[in-house]
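The values are calculated or read from the model by the stated rules, or taken from the named source; none is laboratory data. No experiment lies behind these values; they were computed from the predicted model shown. So basically every Cβ, Gly included, is an ideal-geometry build from the backbone, and we count neighbours across all protein chains shown. These area figures cover heavy atoms from the full protein model, side chains too; ligands, DNA and RNA do not enter into them. Shrake-Rupley method; radii C 1.70, N 1.55, O 1.52, S 1.80 Å.
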Amino acid sequence: MAERAWVVLALLGAVQLLRLPLAAPQSFIGINYGDVADNLPPPSSTARLIQSTTISKVRLYGTDPAVVSAFAGTGISLLLGAANGDIANLASSPAAAAAWVAAHIPASSPAVSTVSIGNEVLFADASLASQLVPAMQNLYSALPPNSSIKVSTVHAMDVLASSDPPSSGAFKPELDAALDPVLAFLSKTGSPFLINPYPYFAYLSDPRPETLAFCLFQPNAGRPDAGSGLTYTNMLDAMLDAVRAALDAKGYKDVEIVVAETGWPHKGDPDEAGATPENARAFVSGLVSHLRSLAGTPRVPGKSVDTYIFAVYDEDLKPGKGSERYFGLFQTSLTETYPTGLVRNGTAGLGPAVAPAQAPTSSVQPAPALPKPGQQPQVTPAQQGSAAVAGASSPCAPGTATARGAAVACPRHSSAQSSRTFSVLTIIAGLLCPALQMLI
């Protein structure tokens with residue numbers, strides 16, 4: 001009897017070992033917490049929701065004290081945002097920056113990893129471009145002594161003039177006057193280059209099955225880069241390596257890249273191809289699997305790029321196309337919009353399951369049903385000789401104005417996951433063999 005009880009305990013221990021990798025937070029996975037909505041849960045509920053996941057970082061677009069304080073004691077670090085409207089004041093004097101730091105950066109908890117001065121400033125408001133670096137410098141100088149907080153600004157992929165193939169990545173020459181001082185500041189202070197790559201918008205410009213597979217981390221023939229001899233199997237890696245090539249060409253190989261936003265909408269207008277729950281689920285789960293594999297990109301292998309997924313919730317008050325309002329990984333009921341692989345131990349979230357919300361207007365497509373367990377969206381792999389393989393003539397070349405989106409990725413086991421599973425099975429065998437011998 002005792003021997004059988006020992007076997008049961010060994011099996012239970014083995015199950016827990018298999019669950020551990022899913023329960024541990026990953027330092028390279030973050031999420032954007034937007035608030036352009038009128039139906040969001042309290043910040044404390046959102047902080048508790050994120051704690052139930054393996055997400056370890058949160059990007060805020062502002063410094064609302066109620067939101068910031070909700071993350072105190074959670075172990076989750078924050079990327080805070082100073083709005084574009086704050087730039088002129090921050091640039092005006094060191095005293096103004098010191099006042100901003102005193103008012104908005106917590107003395108201890110929660111930890112702040114980075115402050116982003118503005119969002120896509122070089123395109124959102126050209127008049128602020130000349131004030132951007134003075135604002136960044138003043139705020140950096142106002143930080144406490146020995147602070148580890150980085151200061152940066154977020155860019156759109158439109159800063160690239162060339163990106164296809166990725167090895168040809170180069171910044172737009174007309175941005176040199178504004179961008180060069182930013183890059184010099186980032187290099188001097190050890191701060192990251194924040195970028196918003198969205199493979200979804202790339203797919204919108206070229207909605208072929210092979211493009212979808214490439215954007216969603218699904219099996220495809222790959223796109224060779226003749227300039228580097230590397231082959232790309234997903235759009236996000238191609239986008240990031242185009243940015244890396246552009247930074248390297250400027251002499252800033254030391255500046256790290258961080259993905260400030262990337263995601264896929266689960267609903268959109270009739271003319272927004274691919275905005276479905278199946279595709280959103282495939283992209284996010286594929287992205288998470290890719291990051292967890294620690295494969296990195298072809299140009300920079302072996303290290304996952306810190307990535308903030310967009311976004312925690314749908315934002316029903318955002319203007320623009322329908323898809324802008326439907327990037328949420330979670331519903332306001334604190335349940336997952338679709339399975340993401342981010343919730344610890346495979347649970348579905350904190351709240352009770354609720355029926356899917358109806359589309360608010362007739363201009364938005366109804367959400368199709370999610371695939372049944374084990375069923376994957378059908379996507380035709382890229383064929384040899386197609387634009388998806390060559391990559392040269394595709395309008396969704398990474399880094400172009402149309403290449404700011406995301407794509408569907410089917411969940412798949414990475415090599416790292418397979419290796420980890422093998423190691424766990426070896427441990428299980430070591431636990432069970434003696435027990436089985438006792439029973440024979």
### Query
Looking at LEU139, is it under 28 Å from ALA238 (Cα atoms) and assigned to a helix (DSSP H, G or I)?
no
### Query
What residue, among those in the stretch 93-110 that are assigned to a helix (DSSP H, G or I), touching a residue at least 24 places away in the same chain (Cβ under 8 Å) and farther than 20 Å from ALA66 by Cβ, is most open to solvent (accessible area, probe 1.4 Å)?
PRO94
### Message
Quick check on my filter: what residues within the stretch 231-250 are open to solvent by 50 Å² or more (accessible area, probe 1.4 Å) and out of contact with any Gly (no Cβ under 8 Å at 6 or more places or on another chain)?
### Response
LYS250
### Qualifying positions in the stretch 111-146 - at pLDDT 95 or above, of a type outside the set (A, V, I, L, M), closer than 18 Å to VAL258 by Cβ and open to solvent by 40 Å² or more (accessible area, probe 1.4 Å)
TYR140
### Message
Looking for something closer than 15 Å to SER323 by Cβ and open to solvent by 30 Å² or more (accessible area, probe 1.4 Å) - is there at least one such residue anywhere in the stretch 194-203?
### Response
yes
## Note on the structure
Within the stretch 39-61, residues open to solvent by 30 Å² or more (accessible area, probe 1.4 Å) and either in a helix (DSSP H, G or I) or over 19 Å from ILE309 (Cβ atoms) (or both) come out as ASN39, PRO42, PRO43, SER44, ARG48, GLN51
### Message
One residue is enough: does the stretch 254-274 have a residue meeting the conditions small (Gly, Ala, Ser), within 24 Å of PRO166 (Cα to Cα), part of a loop (DSSP other than H, G, I, E, B) and open to solvent by less than 40 Å² (accessible area, probe 1.4 Å)?
### Response
yes
